[in-house]
Every structure is written in structure tokens, then in C-alpha cells.
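> Have a look at the structure that comes next, please.
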Amino acid sequence: MIGFIVAGLIIGALARLFTPGKQKLGLLATLLLGLAGSVIGGTIANILGTGGIFELNVLGFVVAVIASVLLVGTAESLAAKSNRQVRR
């Protein structure tokens, strides 16, 4: 369980590194998006037959980072949209 949390934090941090621009996400949001990306990556790796959902492998890790980049981008755009509506 602790390994899954640490992996989620690393994947979330890598996703923020690869996402262009400055993100206004805290540590908890980074962790949660990284964990979600980890589950997505593990699921896709499992479907492709390269390992289990919670098993660390290269394909699952790469897909997890890509999924987390998409999740970080989505979270940022939703936060920006919400912020624009509040200012009006």
C-alpha cells in the first residue's frame, strides 16, 4: 500500500513535470492524480497482458504517466474555467 502511494506521488510529479505551464495543484492533488493514473496504467497493462493492475512494469508505468499528464491537464483546465466564472 505504501509503495502504491509512493509510486502515485512519483507518477503525479512526473506528470506535472511533463505538463506545460505552471500548475496550481497541491501535493494532495498531485498524489490523487498520480494514483488515478497508476490505476489507469495498470489496467491498460493488464488488458494488454504485460502484468497485473498493481504490478510495476515498464508499459504500465509509461501509460500511467501519460494518463496522469492528461488528468493534470484536465484538472488545470477545470480549475481555470471555475476561476473565470467566479471572477465574473
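The values are calculated or read from the model by the stated rules, or taken from the named source; none is laboratory data. Nothing here was measured: the structure is a model prediction, and the numbers come from that model. FYI the Cβ positions are ideal-geometry reconstructions off the backbone, even for glycines, and counts take in every protein chain you see. The accessibility values were calculated without ligands, DNA or RNA, using every heavy atom of the protein model including side chains. Shrake-Rupley method; radii C 1.70, N 1.55, O 1.52, S 1.80 Å.
> Filter region 1-52 down to residues that are in contact with a helix residue (DSSP H, G or I) (Cβ under 7 Å, 6 or more places away or on another chain) and among the basic types (Lys, Arg) and give me whichever is surrounded by the fewest Cβ atoms within 10 Å (Cβ to Cβ).
Lys24
> Anything in region 1-43 that is closer than 21 Å to Ala79 by Cα and outside any helix (DSSP H, G or I)? List them, or say none.
If the condition is that a residue be closer than 21 Å to Ala79 by Cα and outside any helix (DSSP H, G or I), then Thr19, Pro20, Gly21, Lys22, Gln23, Lys24, Leu25, Gly26 are the ones that fit.
> Can you tell me which of (1) open to solvent by less than 50 Å² (accessible area, probe 1.4 Å); (2) modelled with pLDDT under 85; (3) not acidic (Asp, Glu) is the one Val72 doesn't meet?
For Val72, the failing item is (2).
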